[in-house]
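To start, the structure itself, in structure tokens.
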Amino acid sequence: MTKAFISGCAGLELTDDERAFFRAEDPFGLILFGRNCQSPEQIAALSADFRSVVGRPDAPVLIDQEGGRVMRLKPPLWPNYPSGRSYGLLYELDAAAGLRAAFLGARLIAADLLAIGITMDCLPVLDVLYPETVAAIGNRSYGPDPEMVAALGMAAAEGLLAGGVLPVMKHIPGHGRAQVDSHLDLPRITAPLEDILARDVAPFRAYSKAPFGMTAHLLYEAIDPSAPATQSRLIVEHIIRGEIGFDGALMSDDLSMQALGGSLGARAEKTHAAGVDLVLHCNGDMDEMRQVAAATPELSGRALERCLLGLAQRKDPAPGFDRAAARAEFDALMARVEVTA
């Protein structure tokens, strides 16, 4: 029976220990990082091996392929893509051009991913940009206007879906106010609830029909001063499911990030107890993977329904996509602004 977690792996191919672990624990999906990506053929083989081991041909293989600083697949083997903020700059100049570019960029990324067996991309980033936004988010955000962030994010999601890849919107309910890198410590957000709901939450509310979403490891003092969003039942039930109206499959950000305290098992237990459907563990450390698996229940009930409904949104792309023409149009659009890395 599939368990409610997504796992990483250590290298370019599965080890015997990893195969035995995945066969026994049957995680919902596998997430890839730069350490797992050497060539198209190697990634396709790794994706196929994982699916064979868990016995599910549709088991998701995920990646963070945003563009800019967050690209696990890099030139020269894969095309370059700009940061989210670059699309925002074009949108500020010409809204229609910005939306078209966001769609095309994501459609091209989807073509890259699907060709090597990757079926889910942790994109769009719907965090609103502030002057104080930590560099770990920075120009990954489309910009400071919530309506623009929502519009560009939904255009990117449509591009992924058109290319047969599922989007994961992140980081709910909004990472933009963080002044600390949640990979290193727990950011504390002191803004009033009204401001958070009016600005940070707005893009997620606009895309509440997303198939998958990812939580933020941030503590919002005005909502729940005792737990970060990932581990807050109050935030999951009242903000994510309530105010935002998101009824898709909810996954955590990476449990190995230092914003969360305690053992990996305790982190997983608290996250599941908060109502998060899937926990995400990325670093490929087998001892940590075993802790997470031991603390994770089987995927069942409403969480299973959400995951299956999310997977059902993935459709094979329509025939006839002209990648060269799409790239030429995309490059012409992005030439109108200074692209940020």
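When DSSP assigns beta bridges and you keep just the ones with both residues in the stretch 3-318, what percent turn out antiparallel, to the nearest 5?
Within the stretch 3-318, antiparallel bridges account for around 10 percent of the total.
Defining a contact as two alpha carbons under 8 Å apart and six or more residues distant in sequence, what relative contact order in percent does the chain show?
Over the chain, the number comes to 19 percent.
Between the stretch 107-128 and the stretch 74-106, what is the separation of their alpha carbon centroids in Å?
13 Å
Rounded to the nearest 0.05, what FRET efficiency is calculated for S226 and R290 with R0 set to 22 Å and r the Cβ-Cβ distance?
0.15
What longest region of the chain stays clear of GluC sites (Glu not before Pro) that DSSP places outside H, G, I, E and B and that have at most 12 other Cβ atoms within 10 Å?
133-337
In the stretch 145-170, whose amide N lies under 14 Å from the spot 7 Å out along Cα-to-Cβ of D58? List them in ranges.
165-166
Hey, what do the phi angles of the stretch 276-283 turn into as Karplus ³J(HN,Hα) couplings, whole Hz, using 6.51/-1.76/1.60 and θ = phi - 60°, x for Gly and Pro?
Rounded to whole hertz, the list is 6, 6, 9, 9, 10, 10, 10, 7.
Please give the contour-minus-distance gain from A136 to S208: 0.36 nm per residue of separation, less the Cα-Cα distance, rounded to one decimal in nm.
Extra length available between A136 and S208 comes to 23.5 nm.
Distance between the C-alpha centers of the stretch 270-341 and the stretch 190-261? Whole Å please.
Cα centroid of the stretch 270-341 versus Cα centroid of the stretch 190-261: 17 Å apart.
Modelling each spin label as a point 7 Å along the Cα-to-Cβ direction, I'd like the D331/A10 distance in nm, to one decimal.
That separation, rounded to one decimal, is 4.1 nm.
Tell me the label only: which of (1) 77, 45, 40; (2) 82, 50, 33; (3) 51, 49, 32 is Cα extents along the principal axes in Å as calculated from this structure?
(3)
³J(HN,Hα) across the stretch 289-298 via Karplus (A = 6.51, B = -1.76, C = 1.60, θ = phi - 60°), whole Hz, x for Gly/Pro?
Values per residue, Gly and Pro as x: 4, 5, 4, 5, 4, 5, 9, 9, x, 5 Hz.
Would you grab the residues whose amide H sits under 5 Å from the one on H171? Only those 5+ places off in sequence or on another chain, please, with H modelled 1.01 Å from N.
Sorted by chain and number, the residues that satisfy this are L126, D127.
For A318 and A24 in one chain, what is 0.36 nm times their gap in residues minus the Cα-Cα distance, to one decimal in nm?
Between A318 and A24, full extension yields 102.2 nm more.
Quick query: amide H of G68 versus all other amide H atoms, modeled in the peptide plane; which residues come in under 5 Å with a sequence gap of 5 or more or a different chain?
Correct list: Y81, S83.
Expressed in nm to one decimal, what extension gain is obtained for the pair L93 and R69 from 0.36 nm per residue of sequence separation less their Cα-Cα distance?
6.3 nm
Restricting to lysine pairs 8 or more places apart or on different chains, what number in the stretch 3-318 have Cα atoms under 23 Å apart? Present the calculation step by step, with values, prior to reporting the outcome.
Details: K3/K170; K3/K270; K74/K170; K170/K209; K170/K270; K170/K315; K209/K315.
Total qualifying Lys-Lys pairs in the stretch 3-318 comes to 7.
Rounded to whole Hz and in sequence order, give me ³J(HN,Hα) for the stretch 240-257 from the Karplus expression 6.51 cos²θ - 1.76 cosθ + 1.60, θ = phi - 60°, writing x for Gly and Pro.
So the Karplus estimates, Gly and Pro as x, are 6, 7, x, 4, 6, x, 7, 10, x, 6, 9, 10, 7, 5, 4, 5, 7, 5 Hz.
Throughout, read-outs are computed from the coordinates displayed, never taken from laboratory work. Note that the structure is predicted; figures quoted are calculated from it, not measured. Reconstructed Cβ throughout: ideal geometry from the backbone, glycine too, with neighbour counts over all protein chains shown.
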